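Worksheet: the structure to be examined is printed underneath.
The values are calculated or read from the model by the stated rules, or taken from the named source; none is laboratory data. Note that the coordinates shown come from a computational prediction; the quantities given were computed from them, not determined experimentally. Here the Cβ is made from the backbone with ideal geometry for all residues, glycine too, and neighbour counts use every protein chain on show. The protein model used for the area step is the full one, side chains on, heavy atoms only, and it has no ligands, DNA or RNA in it. Shrake-Rupley method; radii C 1.70, N 1.55, O 1.52, S 1.80 Å.
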Amino acid sequence: MAHPYMANSTPDVQSEMLAAVGADSIGELFEQIPEGHRLSRPLKLPQALSSEVALQRHLGELLSKNESCQETLSFLGAGCWQHHVPAACKEVVGRREWLTSVFGSPMSDHGRNQAWFEFCSQLGELVGMDLVGMPVYSWGCAAGHAIRLASRLNGRREVLVVRAIDPERLSVIRNYCETPEMASHIKVTLVDYEPDSGRLDLSDLARKLSANTAAAIYFEVPSYVGIIDGQAAEISRLAHAAGAEVIVGVDPISLGVLAGPADYGADIVVGSIQPLGVPMNCGGGCGGFIASRDEARYAREYPTFLVSITDTVEPGERGFGLTLFHQTSYGMREKGKDWTGNSTYLWTIAGAAYMAMMGPQGFRDIGELILRQAHFAASLLGGIPGVRIVFPSHFFKEFVVNFDGTGKTVDAIDKALRAEGIFGGKNLSREFPELGQSALYCVTEIHSRADLERLAAAVGKAVRA
Amino acid sequence: MSGIRKYHAPVWSEPVITEMGRAGRRGVLLPALDETVRSATGDAQSLIPPGMGRQTPPELPELSEPEVLHHYTRLSQQTLGMTSISLFGTCTMKYNPAVNELMAARPELADLHPYQHPETMQGVLEIIHGLDLILRELSGMDRFVFQAGGGADAAYLHACVTRAYHAARGELERRNEVITTIQAHPCNAATAAAAGFKVVTLMLEENGYPSVDALKAAVSDRTACLMINNPDDMGIYNPDIKEWIDIVHGVGGLCFYDHANFNGVMTKLRARELGFDACMFMLHKTFGAPKGGGGPAVGAYGCSEALAPFLPTPLVVEKDGAYDLDEDRPQSIGRVREFWGNVPQVVKAYAWARSMGAEGLAEASDISVLANNYMEKRLLAIRGVTRSNPTIDKRRLEMTRYSLETMQRETGVSVIDVQNRMVDFGIDAFWLSHEPWIVPEPFTPEAGEMYSKEDIDYWIDVLARISDEAYSTPELVISAPHNQAIHKLDSTALDDPDRWATTWRAYKRKVLSARG
């Protein structure tokens, strides 16, 4: 029976093609593979579900075993955030033309290339940077590439990284920079944070910068523990004085209310694209961007695709093409800048539509809504006996909640919350033991006041239990 | 030659979105702020430290929802992609089943958070484990992970695993060389270099692959790993591959099989049985999940038991039908990317593999190789087309690299001109070749199992027609495309720092202001 995905799985078509080839059987065509290389037994795979009815039922049964953040009230964030994804974003990004596109010419892929350029353009407005590359796999990957880029720029082989960082992201950065056995490694030095505010410890930074050896400093606004560090300009000044590049990681959804990183001295900006119209997808919605000053010395070190607007041979007409393609690994193999491959480009289409629909006022509104709701939630939780907000001021959408005073572990609280249909914040107790039994809670525009009060009531009940 | 279709791309002269809109328009309204929340939190600006508030709003367009939808629908219409015929070689393009998109968009997947308790994600963990088992059976490897964000990222993951493996044995400082071939995908060389290895590149010999002697001369106790495709992008299979692996293992190195060209060998052989220690599959291509113009991609990475301790965490583990995430792996390299990968793509690949079954997978491989050989027969009858490595007369696998050198010499029409002309007939650009071009004026079509014989014939008919045009009216081809959304790019600005512009801000500053 012909398989619905394969037009040529009918015997007569195959006979026609075989006759044209001059072969008696398809098996003959594999003559290059020596007999001794071949699999000698049939594969043991589950029975094919070749009818859509059977396949859809099977997948539906499996997926229904999951409890989504639609049915369960969730306060999980930590690098993957539940923001509202406008229906129009879903419709745009689901168009088969983008979904299935391969890599055509600037003319045949004109629309997609324009959408890519529009993503980069709008992101450039948010972060205040003129040069924006096509995204890489994740925020951590973007940070890793940016650090390597900075190291290539100034020839130094150390990066100072704020210690209040997502351990997953730090692990990615370490994989991009180390290991020490390799001659080319970049040393990752952590800079401490102030225990009462969560801000970067400037004296620790000054100590570690003093040797003038750092290629770059990398810090985040807001930080992993949620803090908007008011010392950002001072951090940049200290780094620049030591000849280091300033790399800032940002959450782009905050940039309607927070200053663009260029305003406080960033040379290179990285961050996540997931908040811009991409569902969490169990972490599969992530992608990372890289932006910088539009100077040739930065551009010539980018490992990513750069899509530039340009003219066509028809006067007055515009098109879009890749600039500096040759310096990527596609052009230069091991001599290229890091490596380039398939990444997360489809999400740029969602991001372009998202930013265009939000506009400047949308970003301002969402920023203010999130800021206020997060602070409101923190004040409710902080009012529960034994519960403490660890860094109580100047946070954006995430904040650290400590349960030491309740005598309960985060795991115990989470278990009790799950029984109430709530996912509590991410447990930090293993990764940041100095914070005790703490969790990182995330509040966004999807939460209502009633949701926040329900959370506070459930936490109150859990700590009393 | 009769069946050439009329085709013309839509032309919308669509402005760049940053040029569109009117002050005050909105595409998204947010929930009104609750009065209790407002009064409890005071002025929003007071929640931001001094100097960190935004002073001037970002210069984003102001548009209504329908304007945005119209704009992006028009741009999508000006994107040919696989809405037509795209025999894009070295990528193994597949049909992306509609049902898989439908299922992956369900909230039970789209609205999952990776830090949910595993108890609340049993379905997705079961799917991930299920695909792991399928890929183990297809490759003979002992364990798969899906964290890598693409095929190149899987190659990087392997470079990291290689570092960890040799470091654990105290040999990393000495073992700093990775061997590959000039025909291996550039990412193999590039990721090895990015991970800190020195890259040793073997050249091809007359038979289409490097000789065993060349490999023997390259290996030593400095060899960390061999990273290689097989078949390569010319459709040529290296019959000495087992001996190669023995040689590399003999000096203590690892062997990585980049399965970018898996269709030619799918179900026919298993990487582990050839002796490879690790391999990579691209789920966004080979396993039916969409390529999306360049991702979300997944590099499924599989390895032997000996390398498994170094895999990135977390690993999905199964015990008595219950699924969990294992983080407690002390020798793990950690992460090459946050979370566990592009999960919807993993689900789509699982669905595709389940819909095919063992027989379907075998047939897909058969059809792709049959279609390639069928194409070859017809393409070589076209004036100006020759095949790479003409002395190798064995049948190629799922793709063949050709050359238009003859045409270029005889008519002045280059392979890029031909590529541009083909899109005039609703055929998307073919793949030329990875760098460096060993074959002059190269092109590499790959028929795969999705396109019908009629589609493949149409593709060939169009190339035949363009060959006629090249020999009769070369200007027509050189000035192509004529039926596309835009005309050929004037690419002189693209590599000029004074004129390149990856954002509208840069374009305004550098180009528009100069033009007044």
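Other chains' Cβ within 10 Å of B:326-337 residues: what's the mean?
If you average over the peptide's residues, the count of other-chain Cβ atoms is 4.
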Pop out the ³J(HN,Hα) list for segment A:76-84 in order, Karplus 6.51 cos²θ - 1.76 cosθ + 1.60 with θ = phi - 60°, rounded to Hz; leave Gly and Pro as x. 7, x, 6, x, 9, 10, 8, 10, 5
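Is the shape of segment B:6-125 best called rounded, prolate or oblate, per the rule: a/c under 1.5 gives rounded, else a/b larger than b/c gives prolate, else oblate, with a ≥ b ≥ c the square roots of the Cα gyration tensor eigenvalues?
Taking the square roots of the gyration eigenvalues as a ≥ b ≥ c, segment B:6-125 is oblate.
Work through the residues other than B:G51 whose Cβ is under 10 Å from its Cβ and net out their charges, Lys, Arg +1 and Asp, Glu -1.
Spelling it out: positives minus negatives among the neighbours equals -2.
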Which value in nm describes the separation of the simple spin-label points at B:R515 and A:A87, placed 7 Å from the Cα toward the beta carbon? 3.9 nm
Once neighbouring chains are kept in place and the probe is 1.4 Å, which whole percent of the accessible area of segment B:163-307 is contributed by carbon and sulfur? 44 percent
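Quick one: net charge around B:D213, please, counting Lys, Arg +1 and Asp, Glu -1 for every other residue with C-beta under 14 Å from its C-beta. Numbers along the way, then the final one.
Working: positive: B:K216; negative: B:E205, B:E206, B:D240, B:E243.
The answer is -3.
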Charge dipole (debye, nearest 20) of chain B; +1 at Cβ of Lys and Arg, -1 at Cβ of Asp and Glu: 900 debye
Size of the dipole of segment A:56-203 about the Cα centre, Lys and Arg at +1 and Asp and Glu at -1 on the beta carbon, nothing else charged, in debye to 20? 440 debye
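According to the square roots a ≥ b ≥ c of the eigenvalues of the Cα gyration tensor, what is the shape class of segment A:122-249, taking rounded for a/c under 1.5, prolate for a/b larger than b/c otherwise, and oblate for the remainder?
rounded
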Inter-chain shielding of B:362-369 (mean C-beta neighbours from other protein chains, 10 Å cut-off): 5
Per residue of the protein assembly as shown, what 222 nm ellipticity follows from adding -39500 (n - 2.57) for every DSSP H run with n ≥ 4, rounded to the nearest 500? -11000 deg cm²/dmol
What list of ³J(HN,Hα) couplings, whole Hz, do you get for segment A:45-50 from phi and the Karplus terms 6.51, -1.76, 1.60, once you set θ to phi - 60° and write x for glycine and proline? 10, x, 3, 5, 9, 7
Chain B - percent relative contact order, Cα under 8 Å, separation 6 or more: 19 percent
In whole angstrom, the spacing between the Cα centers of segment B:437-516 and segment A:345-369 equals 32 Å
Using Cα-Cα distances under 8 Å and only pairs 6 or more residues apart, what relative contact order does chain A have, in percent? 19 percent
Give the interface area between chains A and B as buried accessible surface, both sides summed, probe 1.4 Å, in Å² to the nearest 100. 18100 Å²
Restricting attention to segment B:114-177, which GluC sites (Glu not before Pro) occupy a DSSP loop and are surrounded by at most 15 other Cβ atoms within 10 Å? B:E173
Honestly chain B on the Cα gyration tensor test (a ≥ b ≥ c root eigenvalues; a/c under 1.5 rounded, otherwise a/b vs b/c for prolate or oblate) is just oblate
DSSP loop (so not H, G, I, E, B), at most 11 other Cβ within 10 Å: list which trypsin sites (Lys or Arg not before Pro) in segment A:414-465 pass both filters. A:R430
Mean accessible surface per residue for the protein assembly as shown, computed with a 1.4 Å probe while every protein chain stays in place, in Å²: 31 Å²
What net charge do the residues around B:C255 carry, taking every other residue with its C-beta under 10 Å from that of B:C255, with Lys and Arg at +1 and Asp and Glu at -1? -2
Calculate the length of the line joining the C-alpha centroid of segment B:33-50 to that of segment A:1-67, in whole Å. 60 Å
Quick one: which residues, 5+ away or cross-chain, put their amide H under 5 Å from the amide H of B:L254? H built at 1.01 Å from N. B:C225, B:L226
